[in-house]
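Working notes for the structure below.
The values are calculated or read from the model by the stated rules, or taken from the named source; none is laboratory data. Please read these numbers as outputs of a predicted model, since none were measured by experiment. Reconstructed Cβ throughout: ideal geometry from the backbone, glycine too, with neighbour counts over all protein chains shown. Accessible surface is based on the protein model in full, side chains and every heavy atom, while ligands, DNA and RNA are left aside. Shrake-Rupley method; radii C 1.70, N 1.55, O 1.52, S 1.80 Å.
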2 protein chains.
Amino acid sequence: MRTRALASLIVTSIIGALVFVSGTSAKDDPLPSWNDGATKDAIVTFVEKVTDEGGDDYVPPDERIATFDNDGTLWIEQPAYVQLIFALDRVKQLAPKHPEWKDTQPFKAALEGDMKTLAASGEKGLLELIMATHAEMTPTEFKKISKDWLATAKDPRFKKHYTELVYQPMLELLSYLRANGFKTFIVSGGGIEFLRAFSQDVYGIPPDQVVGSSIKTKFEMKDGKPTLVRLAEMNFIDDKVGKPVGINQHIGQRPIAAFGNSDGDLQMLQWTTAGDGPRLGAIVHHTDAEREYAYDRDSKFGQLDKALDQAGPNGWVVIDMKDDWKQIFAFEE
Amino acid sequence: MRTRALASLIVTSIIGALVFVSGTSAKDDPLPSWNDGATKDAIVTFVEKVTDEGGDDYVPPDERIATFDNDGTLWIEQPAYVQLIFALDRVKQLAPKHPEWKDTQPFKAALEGDMKTLAASGEKGLLELIMATHAEMTPTEFKKISKDWLATAKDPRFKKHYTELVYQPMLELLSYLRANGFKTFIVSGGGIEFLRAFSQDVYGIPPDQVVGSSIKTKFEMKDGKPTLVRLAEMNFIDDKVGKPVGINQHIGQRPIAAFGNSDGDLQMLQWTTAGDGPRLGAIVHHTDAEREYAYDRDSKFGQLDKALDQAGPNGWVVIDMKDDWKQIFAFEE
C-alpha cells in the first residue's frame, strides 16, 4: 500500500504538472472570457499582490477567503430568482393536495402565474411559499427534488437548464482564485440546501463552503431510525445585514475578497473591504440587455442602488458585463 | 510567473514525495501512539477500505467527512470543561464592574469557587455565565481574550497550558485521516468562537471547519465602520440532538466517521453510522485515572452512559484510553 500510495502521489503530480503546462502554454490567461482592461487588471493585480511572498501585501493561504453571492453574481436571476421559479413549480405540483390554495394568497397568485400579486405579497409572501414547498421532508429528499427539478426545468428565453445559465467569466474567476490558494465560498440569500444541490457540480464548491438562508431542521428517532426533518420555520436569512453574520458564523474569518451584484450584498462588501491589508470588493453590473439583461436601481430582483453609489467611495470594482465580458455563458461559442 | 508557479509545483511534489518516503521508511505507522490491537485495527481497516479505489467500500474524497467532538475527545474536560474555567476566570476579572454579582447566583458561586452550587445551577446557570462573560464585544475582541487566556492559564494538576492537554493519539488520527483525503471537522457543544481561537494551531482545523454552540451576533455601522457585535442571546446549542442539526447546517452532508466520548455525542454517532456504506463510530472511554482521568456514567462533565450502552448494538468502537493509548499527551516522553 505504501508503494502504491507513493506511486499514485507521483503520478498525480506529473498529471498536475502536465495539465498546468498545457493549460498555460496554450494560452497564458487564467481569465480568457474577460476583456483586457481596468476591471481584469484590478482582479489580477490583487491576486498577484496577495500571493507574492516577498511583497508587503502578501496574505498567507489560510486567510485567502473569497465569498461570492449566487443570484445575479454566479448565475442568472431574471426574470425571477431561480429558486422562486422552483417554488412556483412546486406549488403547482403540490396543489392537488392543497385545495385551499385556490383561494389563499400567495398560493392563488402562484397557481395563476400572477407575478404582480406575488411580488406585492413581499418577503412574507415569498417565505410562505418557501415554507409550504420546501419543508416537511428530510434534507436528502429535498436535495433530490431540487436536483430533479434542475435537471429538467428550462429557462424560457435561453431554452437552457438553469445550471447552464452560470457566467463563464465567474467560473474562470473561481478557478483562478482556487489555483492561487483561495478558499471560495458561496454566501447567498438563497436557500442553503437548494444551493448545495448543484454547488459542487457547477461551481466546484463543496457543501460545507456554502452559506445561505435556511429553515429550521429537527433531529428525531423515527421508527428507530435517526432522521432529520425540515420544519416550516425560518432559521436564518442570509441577506443584507445577515451576510456578514452568516460569514462570521460559518466561515469564522473576514474574507479578503467579496463579489456581489445587488444591495443584498452591500454589507458583505462593506464588511470585507473594511478589514486591514489588501481587500477586493467587486460588483457585477448587469448592463447587457442583448446577451443577458440590463437592470440595476429599479429591478424587482437583484436591485442595485445603494451598493452602486457606494462602489466609488469604497474603491469597489464595478464589473460591466457588456464591456468586461467577452462571453457570458459557457454554451456561447 | 508561469515558470515560477510550475517550478514551485514540481518542488512541492518532490518535497511531498520525500516527506512521504522518509515518514514511512522511518516508521511505517501513522498512529504510533496507539497500541496494536482491535481498536487500532478497526480504525486502520476502515480507512484502508474507504480509500481502496477498486474495493466495494470505496468512498470518493468529497464524501470523506469525519467529525470530532472536542471536550473529552480531543482535549481534557476534567475537573471541568476548559471553557467553563475560562468563564469563571472572566467572572473574577469582570467582577469589579459588577458589584451586584456578589449577591447574585450563579455569579456568587463562581466568585467563591463554589462548584457545587454552580453545578446545581444547571445549564441555565452556566449559560448565564457564558452570556455575561462572552458577549458585548466583537468576535475579534473575543478571540483575542480567548487566545490570551489560553496562552497564560494552566491546568492545576498537569501544570500545563490547556492546549497542551490534547490527546496525542487523536492528533495522529486527525493527520492520518487528512493524509487519506478526509476533511476533518470539530463538532462540539463548546462555543464556536472559543474553539476557533486554537483549532487551527492545535488541531490543524481551519475556522470554517469548526461547528459549535453560538450566541447571536449583530451587524451594525458604528461610527461609519461596519462592525459585528456578540449579543447576550443564545443562537444555537450544538449538543445532543443539536449535533446532527449543526452538522447538516454547517457541513451539509452526513459524515462517514464520527468520534465522541459522551452522551452529548450520542445523536452524532447515531446519525453518522446510520448512513449507507462503510461507517465508523468511535467513543473515547476515559479509563486511565493514573495518566488522565477515569469516568463515565456518573461524571458531572462528559457523562457517558446511554452512548456506552449503545456502542455494542451499533458496532461503535470503544477506545479504551488505558489499554489502547501508548501515550496520552504530547509532552510525555
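Summary of computed values
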read-out: Spans of strands (runs of 3 or more DSSP E) in the range B:242-333 with at least 2 residues of a type in the set (D, E, K, R) and buried (at least 23 other Cβ atoms within 10 Å of the Cβ); value: none
read-out: Condition broken by B:K144, with the remaining ones in (1) surrounded by 15 or more Cβ atoms within 10 Å (Cβ to Cβ); (2) within 21 Å of B:D208 (Cα to Cα) satisfied; value: (1)
read-out: Some residue of the range A:42-49 being in a helix (DSSP H, G or I), crowded, with 16+ Cβ neighbours inside 10 Å and at pLDDT below 95; value: no
read-out: Any hit, the range A:135-147, residues being at pLDDT 90 or above and among the small types (G, A, S); value: yes
read-out: Odd one out for A:T104, checked against (1) away from chain B (no Cβ under 14 Å); (2) out of contact with any helix residue (DSSP H, G or I) (no Cβ under 9 Å at 6 or more places or on another chain); (3) modelled with pLDDT of 95 or more; (4) open to solvent by 20 Å² or more (accessible area, probe 1.4 Å); value: (3)
read-out: Scan of the range B:162-206 for residues that are within 12 Å of chain A (Cβ to nearest Cβ), surrounded by fewer than 22 Cβ atoms within 10 Å (Cβ to Cβ) and assigned to a helix (DSSP H, G or I), ordered by number; value: B:A179, B:Q200, B:D201
read-out: Failed item in (1) away from every other protein chain (no Cβ under 13 Å); (2) in contact with a helix residue (DSSP H, G or I) (Cβ under 9 Å, 6 or more places away or on another chain), with B:Q267 passing the rest; value: (1)
read-out: Number of the condition not met by A:L228 [criteria: (1) of a type outside the set (S, T, N, Q); (2) within 9 Å of another protein chain (Cβ to nearest Cβ); (3) part of a strand (DSSP E or B); (4) free of Cβ contacts under 8 Å to residues at least 60 places away in the same chain]; value: (4)
read-out: Unique match (being free of Cβ contacts under 8 Å to residues at least 40 places away in the same chain and among the small types (G, A, S)) among A:G37, A:G113, A:G72; value: A:G113
read-out: Flag if A:T67 is at pLDDT 50 or above, closer than 22 Å to A:Q200 by Cβ, open to solvent by less than 80 Å² (accessible area, probe 1.4 Å) and part of a loop (DSSP other than H, G, I, E, B); value: no
read-out: Filter pass, B:A232 being more than 14 Å from the chain's Cα centre (by Cα), open to solvent by 50 Å² or more (accessible area, probe 1.4 Å) and at pLDDT below 95; value: yes
read-out: Condition met for B:S213 (more than 10 Å from every other protein chain (Cβ to nearest Cβ), under 27 Å from B:L165 (Cα atoms) and of a type in the set (S, T, Y)); value: yes
read-out: Qualifying residue in the range B:76-94 (condition: within 14 Å of chain A (Cβ to nearest Cβ) and buried (at least 21 other Cβ atoms within 10 Å of the Cβ)); value: no
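Rundown of residues vs (1) aromatic (F, W, Y); (2) touching a helix residue (DSSP H, G or I) at 6+ places or on another chain (Cβ under 7 Å); (3) over 12 Å from B:G252 (Cα atoms), yes/no style:
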residue	(1), (2), (3)
A:A197	no, yes, no
A:G212	no, yes, no
A:I215	no, yes, yes
A:F219	yes, yes, yes
A:T227	no, no, yes
A:N235	no, no, yes
A:K243	no, yes, yes
